[in-house]
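See below for the structure under consideration.
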Amino acid sequence: MKLRLLFYTLLIFVGVIMSACGDDDDDDAPPPHEVGIWDLKNYALINVPADYASNEGRRFELNQVNLGIESYELNLEASGTFSRDINFTGVIPQEDMGTWAVNEGELTLDSNDFDDNESFGIEKNESDDLWLSFPLQFSLIQDDVLDTLTQEYADSLTDEEFSDLFDPVNVDFVFLFERDE
């Protein structure tokens, strides 16, 4: 009798373990934040040095920075594949596809059409947007100079004198994507 009770207990135990293992389907887990169709809306500067802090988070419309991008749609699939359409001013649109992965806060796009992988810093923010960043040198005016600069004085400068007010500064340049609903 004890042997039979032990056998049934063991059988029930194995059954419970087997059914618990079947409940671990990843299909029920929500996809990562990055998955979806994203449209580039504007650009921003982040990680700006302290002497130029007034530019932290500064946003630019697509036509304010001369990258020539008119539109950029990025589709990141849950399967780890991507496709994108980029329209440049005066150039044939670029269509691309490949695979993507996120590792340690970095999004890597491995294109089927191009040899070089593209890597971006990636952030989720309070607006549920997708921020893809990369280091870039940008021309900025120091805050202490900007605080004393008047429009009248700026208008009195030659182009060369005005240009001398700017310093090359290392920042992170951000592509700000919004989810395409």
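The values are calculated or read from the model by the stated rules, or taken from the named source; none is laboratory data. Being a predicted model, the structure only gives us computed values, none of them experimental. Neighbour counts run over all protein chains shown; Cβ positions are idealised from the backbone, glycine included. Ligands, DNA and RNA are excluded from the accessible area calculation, which covers all protein heavy atoms including side chains. Shrake-Rupley method; radii C 1.70, N 1.55, O 1.52, S 1.80 Å.
For residue 29, the test of being of a type outside the set (Ser, Thr, Tyr) and modelled with pLDDT of 80 or more is failed.
Just so you know, in segment 33-51 the residues that are open to solvent by less than 30 Å² (accessible area, probe 1.4 Å) and of a type in the set (Val, Ile, Thr) include one that is farthest from residue 82 (Cα to Cα), and it is 48.
Conditions (1) in contact with a Pro (Cβ under 8 Å, 6 or more places away or on another chain); (2) under 25 Å from residue 46 (Cβ atoms); (3) part of a helix (DSSP H, G or I), marked per residue:
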residue: 97; (1), (2), (3): no, no, no
residue: 100; (1), (2), (3): no, yes, no
residue: 128; (1), (2), (3): no, yes, no
residue: 138; (1), (2), (3): yes, yes, no
residue: 173; (1), (2), (3): yes, yes, no
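Residues in segment 60-119 that are modelled with pLDDT under 90 and of a type in the set (D, E, K, R): 3 in all. Here is the figure for segment 80-94: residues that are open to solvent by 60 Å² or more (accessible area, probe 1.4 Å) and part of a strand (DSSP E or B) total 1. Annotation note: of 117, 112, the sole residue that is free of Cβ contacts under 8 Å to residues at least 12 places away in the same chain, open to solvent by 80 Å² or more (accessible area, probe 1.4 Å) and among the polar types (S, T, N, Q) is 117. Count of segment 45-101 residues, restricted to those that are of a type in the set (Asp, Glu) and touching a residue at least 60 places away in the same chain (Cβ under 8 Å), is 2. What pairs can you find where one residue is in segment 143-164 and within 21 Å of residue 54 (Cβ to Cβ) and part of a helix (DSSP H, G or I), the other is of a type in the set (Phe, Trp, Tyr) and open to solvent by 70 Å² or more (accessible area, probe 1.4 Å), and their Cβ atoms are less than 7 Å apart, with a gap of 6+ or different chains? Short answer, once both residue conditions are applied: 154/162.
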